[in-house]
Amino acid sequence: MDNNNKTILVTGSTGLVGSAIKYVVENGDSYTNEKWIFVSSKDADLCDKSQAKELFEKYQPTHVIHLAAVVGGLFHNLGYSTDIFRKNVVINDNVLGCCHTFDVKKVVSCLSTCVFPDTIKYPFDETMIHNGPPHDSNFGYAYAKRMIDVLNKAFHQTYGHLFTAVISTNAFGPNDNFSVKDGHVLPGLIHKTYMAKCQNTDLIIYGTGKPLRQFIYSRDLATLIIWALREYKEMEPIILSAGEEDETSIMEAARVIIKHMQFHGKVNYDTSRSDGQFRKTASNAKLRRYLPNFKFTPFDEAIRETCDWFVKNYENARK
Ligand code: NAP
Ligand code: GFB
């Protein structure tokens with residue numbers, strides 16, 4: 001363990017991933033030499049360079065976990081690519097620029113497996129990020145995320161900084177955005193199943209249900225991001241994902257949600273809606289070389305916890 005005192009600033013900490021990091025830290029995964037600071041857009045609008053600078057001046061972080069971003073599921077990405085690209089590029093430039101100015105020792109930013117090209121061989125690995133255009137459904141988000149990798153390399157090449165990134169698969173868990181319009185598939189389906197059950201209506205699943213995803217529970221992702229901050233010394237990114245064998249179809253994921261929500265009504269597929277990228281299978285071989293024994297929460301258990309959280313927190317959940 002590194003015994004130097006650390007002040008760790010977590011941007012985007014009111015979101016799905018940030019709140020999971022807070023949960024993990026507050027439930028025991030914290031060292032005495034670590035001071036954690038969790039911030040959101042209420043503390044500073046990171047699109048605004050001067051607000052970003054004031055935030056860094058105030059907290060003087062030695063380490064940063066950078067999560068703040070405009071984030072959404074497939075249908076949000078299809079509708080708002082301009083806003084998503086422009087805001088995320090500005091947020092990332094402001095945050096990494098401040099990390100440079102304020103001499104931050106280490107930064108871990110969060111990319112997504114949608115950064116990978118659409119047409120390359122599976123599984124993706126960390127060397128393939130820039131090997132071709134991303135899937136058209138989320139090119140704005142994907143290109144903005146790719147630029148974090150470019151900035152990390154540039155800061156390393158020019159100044160020797162250790163600014164790195166993790167690449168997460170589709171995450172879910174408590175405090176997710178359960179908006180049917182803007183959120184990701186699992187929170188969207190949990191919300192829709194809850195409504196269909198309450199209103200005695202059919203559940204409509206978008207698309208064919210055939211696309212495949214590797215889902216990750218936000219609390220597992222949080223544990224791995226904290227590990228990366230403390231232990232991962234490479235500037236090159238690392239994929240944080242369960243194995244390829246855990247790839248699940250949307251149809252199967254919906255079945256697990258329906259079981260835990262105890263929904264007994266009819267299920268229909270709206271095939272006029274986009275399927276998005278068919279698959280984005282990522283290799284976790286690099287992660288397994290570092291952490292061969294890390295245990296991911298079984299999908300069934302993580303979905304049960306998330307459904308329970310949503311029902312219990314329905315009034316205040318983001319939706
Ligand atoms: P989220 O739930 O939508 O949370 C986004 C966070 O960013 C919130 O805390 C929000 O603050 C903050 N934020 C947004 N705009 C901001 C601004 N202009 N200034 C300051 N803060 C701002 O997102 P998430 O799912 O936790 O995602 C966190 C990170 O993981 C993102 O970088 C995302 O790209 C990455 N990631 C997510 C997934 C996934 O499936 N969710 C997968 C791969 C990678 P407020 O609450 O104050 O608005
Ligand atoms: O999580 P999601 O919205 O985004 O999942 P991606 C989209 C898949 O789920 C498509 C199907 O195949 C949809 O047709 N689906 C079925 C639904 N029902 C629903 C529903 O009610 N809501 C939603 N949202 N989808 C995102 C990227 O891709 O992955 C982001 O767009 C990000 O940029 C994220 O990288 C991790 O998995 O397709």
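Only one of 231, 247, 236, 252 is over 23 Å from residue 64 (Cα atoms), more than 16 Å from ligand 1 (Cβ to nearest atom) and of a type in the set (Asp, Glu); which? I'd like the intermediate steps shown before the answer.
Values: 231 fails: over 23 Å from residue 64 (Cα atoms); 247 fails: more than 16 Å from ligand 1 (Cβ to nearest atom); 236 fails: over 23 Å from residue 64 (Cα atoms).
The match here is 252.
Could you please give the count of residues in the range 239-271 that are among the acidic types (Asp, Glu), at pLDDT 95 or above and surrounded by fewer than 17 Cβ atoms within 10 Å (Cβ to Cβ)?
To start, the set of residues in the range 239-271 that are among the acidic types (Asp, Glu) comprises 244-247, 252, 270.
Restricting the remaining residues to those that are at pLDDT 95 or above gives 247, 252, 270.
If we keep only those that are surrounded by fewer than 17 Cβ atoms within 10 Å (Cβ to Cβ) as well, we get 252, 270.
Qualifying residue count, the range 239-271: 2.
Please specify each residue of the range 45-91 satisfying the condition of being more than 18 Å from residue 175 (Cα to Cα) and near ligand 1 (Cβ under 6 Å from one of its atoms).
Scanning the range 45-91 gives 45, 46, 47, 91.
Residue 219 fails exactly one of the following numbered conditions: (1) more than 13 Å from ligand 1 (Cβ to nearest atom); (2) modelled with pLDDT of 95 or more; (3) part of a helix (DSSP H, G or I); (4) in contact with a Gly (Cβ under 8 Å, 6 or more places away or on another chain). What is the number of that condition?
That leaves (1) as the condition not met.
Counting just the residues of the range 1-27 that are away from ligand 1 (no atom under 14 Å from the Cβ) and hydrophobic (A, V, I, L, M, F, W, C), which one comes out surrounded by the most Cβ atoms within 10 Å (Cβ to Cβ)?
Step by step, filter the range 1-27, then rank; the result is 8.
If I filter the range 118-153 down to residues being of a type in the set (Lys, Arg) and out of contact with any Leu (no Cβ under 7 Å at 6 or more places or on another chain), which single residue comes out as surrounded by the fewest Cβ atoms within 10 Å (Cβ to Cβ)?
Checking each candidate, the answer is 121.
If residue 178 meets every condition in (1) over 25 Å from residue 36 (Cα atoms); (2) more than 9 Å from ligand 2 (Cβ to nearest atom); (3) out of contact with any Pro (no Cβ under 6 Å at 6 or more places or on another chain) apart from one, which number is that one?
(3)
The values are calculated or read from the model by the stated rules, or taken from the named source; none is laboratory data. As the structure is a computational prediction, the values presented were derived from the model and not from experiment. Methodologically, a virtual Cβ is constructed for each residue, glycine included, from the backbone with ideal geometry; neighbour enumeration extends over all protein chains shown.
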